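Remarks on the structure that follows.
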């Protein structure tokens, strides 16, 4: 029996920081690098925008599409998710997005052939029942762990902008996440 895998998109499957920094560099002639993104609010610290509302207003109007439409997947993300789906696990996309980003996100999922039959666009990720969660957002990892750690495995995808969370397991790459899932599946089958 497969496990339900609650998978975040931005910062986990899709490289949001590479996407927005490249778009910003192209628009404003800057030299931002992904390595400069070290905190959750780096777009505010690294750009000329006075607040995050101004950043998001810019991010939703790039060549008639939002920044979410142009993101590249992390190298091992999609092959790992396809392998997990092929092994019988259900990939459940759980992403937090502004309403204006939903159409571009759905197109992105289709273009990249995301192996899922279930998509949730919600800030309340902890309300979607899964056996394993993978997220990088500091507040989301905390909320999911607080709500679900007693019944599910919560994984924090380690990034410079997040810190360890009680009740969450740290994973540093997709191979490590696949190992966690395989171990849990073997345990459930025994």
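The table below gives the values:
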{"read-out": "Residues located in the stretch 58-89, provided they are assigned to a loop (DSSP other than H, G, I, E, B) and more than 16 Å from the chain's Cα centre (by Cα)", "value": "60, 61, 63, 64, 66, 87, 88, 89"}
{"read-out": "Failed item, numbered, when residue 130 is tested on (1) farther than 20 Å from residue 85 by Cβ; (2) touching a residue at least 24 places away in the same chain (Cβ under 8 Å)", "value": "(1)"}
{"read-out": "Strands (runs of 3 or more DSSP E) wholly inside the stretch 107-173 containing at least 3 residues that are modelled with pLDDT of 95 or more and over 17 Å from residue 97 (Cα atoms)", "value": "153-157, 168-171"}
{"read-out": "Restricting the stretch 1-26 to residues that are more than 30 Å from residue 188 (Cα to Cα) and in contact with a strand residue (DSSP E or B) (Cβ under 8 Å, 6 or more places away or on another chain), the residue that is surrounded by the most Cβ atoms within 10 Å (Cβ to Cβ)", "value": "16"}
{"read-out": "Residue identified as surrounded by 14 or more Cβ atoms within 10 Å (Cβ to Cβ) and more than 16 Å from the chain's Cα centre (by Cα) among 183, 148, 159", "value": "148"}
{"read-out": "Any chance residue 40 is under 14 Å from the mean Cα position of the chain (by Cα), outside the structural domain of residue 158 (by TED's automatic domain parsing) and surrounded by 15 or more Cβ atoms within 10 Å (Cβ to Cβ)", "value": "yes"}
{"read-out": "Members of the stretch 5-41 found to be part of a helix (DSSP H, G or I) and touching a helix residue (DSSP H, G or I) at 6+ places or on another chain (Cβ under 7 Å), listed by number", "value": "17, 18, 19, 20, 21, 23, 34, 36"}
{"read-out": "The stretch 167-190 residues that are closer than 20 Å to residue 74 by Cβ, paired with ones that are modelled with pLDDT under 95 and in a loop (DSSP other than H, G, I, E, B) (beta carbon under 6 Å, 6 or more apart)", "value": "none"}
{"read-out": "Enumeration of residues in the stretch 43-79 that are over 12 Å from residue 20 (Cα atoms) and either crowded, with 19+ Cβ neighbours inside 10 Å or in contact with a strand residue (DSSP E or B) (Cβ under 9 Å, 6 or more places away or on another chain) (or both)", "value": "73, 74, 77"}
{"read-out": "Conditions (1) closer than 30 Å to residue 127 by Cα; (2) part of a loop (DSSP other than H, G, I, E, B); (3) not assigned by TED's automatic domain parsing to the domain that holds residue 144; number of the one not met by residue 49", "value": "(1)"}
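Residue-by-condition table, conditions (1) touching a strand residue (DSSP E or B) at 6+ places or on another chain (Cβ under 8 Å); (2) in the same structural domain as residue 34 (by TED's automatic domain parsing); (3) over 19 Å from residue 95 (Cα atoms):
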{"residue": "139", "(1), (2), (3)": "no, no, no"}
{"residue": "145", "(1), (2), (3)": "yes, no, no"}
{"residue": "156", "(1), (2), (3)": "yes, no, no"}
{"residue": "162", "(1), (2), (3)": "yes, no, no"}
{"residue": "177", "(1), (2), (3)": "yes, no, no"}
{"residue": "182", "(1), (2), (3)": "no, no, yes"}
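The values are calculated or read from the model by the stated rules, or taken from the named source; none is laboratory data. A quick note: this is a predicted structure, and the numbers were derived from the prediction, not measured. Reconstructed Cβ throughout: ideal geometry from the backbone, glycine too, with neighbour counts over all protein chains shown.
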